[in-house]
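Single-structure report; data block below.
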Amino acid sequence: MEKICLAIPTELIFKEKKFNGYVQKNFYDYLSLILNSKNQRFLFRYSTSTTQKIPAEQDKSYKQAIAYVLLVYNNQIFIYERPPKGATTEERYASKLSIGLGGHIESHDHNPNISIIDSSLQREIKEEIGLNPEDYDLHHIGYINDEADEIGLVHFGLIYLAKVKKNELKIEQKELVKSWFIDSDKLKNKEIYGRLEGWSKILVDHIENISSIF
């Protein structure tokens, strides 16, 4: 089935302010801009239609909104390893380490009681580690825009922190080969940092500021 994702015109996102890397949420209220239904588009990621001439993954005129959440328990951060090449649908991240869960925001994430972003995060957290909304406290902390490669040019990160109340994760997704909680200062160790995917590496570069929120 074709994947459809939430996207916002790139020009609109950066009409007032632009940045590269990670910024805290008080830098600019991109969240309200993205949650405004007038600004939202739901695009095919890999195909086209009569009204969409370019797949979203190739269209730099749009930024696909990605909800990306860090899990924290007892002042430690959740980290996991992705499957090797040939065993994952996202081979560009094969065997990488990540401190972020989440993904594209989809049209079926609409929920009359909460924002589409919170709904997407709740779905992803439930699917990937088996936690329900009452098992954690969710906080929006910032944004990522990384235009160093073709992937980053078409994605925009909404960064969240989830403070987990109990360490009762149920890892059932094949996309998580192994996982554990780690002290934030150890994320900069060479054997960890060198294997991190791009957005996780950017967040680790700012981990002192982020860990102050724990």
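Taken as a whole, the structure places Ile192 among residues that are of a type in the set (Val, Ile, Thr), assigned to a helix (DSSP H, G or I) and farther than 22 Å from Tyr30 by Cα.
Note on region 112-150: residues that are farther than 24 Å from Ile171 by Cα, among the hydroxyl-bearing types (Ser, Thr, Tyr) and crowded, with 20+ Cβ neighbours inside 10 Å amount to 1. Region 1-95 holds strands (runs of 3 or more DSSP E) entirely within its bounds, and those carrying 1 or more residues that are more than 16 Å from the chain's Cα centre (by Cα) map to 4-9, 41-44, 62-73, 76-81.
Per-residue answers, yes or no, for (1) free of Cβ contacts under 8 Å to residues at least 40 places away in the same chain; (2) on the phi > 0 side of the Ramachandran plot; (3) not acidic (Asp, Glu):
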| site | (1), (2), (3) |
| --- | --- |
| Asn39 | yes, no, yes |
| Leu43 | yes, no, yes |
| Asp59 | no, no, no |
| Leu70 | no, no, yes |
| Asn75 | no, yes, yes |
| Leu97 | no, no, yes |
| Leu101 | yes, no, yes |
| Ile129 | no, no, yes |
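Against the conditions (1) within 25 Å of Lys126 (Cβ to Cβ); (2) surrounded by 19 or more Cβ atoms within 10 Å (Cβ to Cβ), Phe42 satisfies every one except (2). Summed over region 100-152, the residues that are in a strand (DSSP E or B) and within 14 Å of Leu6 (Cα to Cα) give a count of 3. Scanning region 114-130 for residues that are over 17 Å from the mean Cα position of the chain (by Cα) and modelled with pLDDT of 95 or more turns up just one, Ile114.
The values are calculated or read from the model by the stated rules, or taken from the named source; none is laboratory data. Model, not experiment: these values are computed from the prediction. A quick note on method: Cβ atoms are made from the backbone with ideal geometry, for glycine too, and the neighbour counts reach across all protein chains shown.
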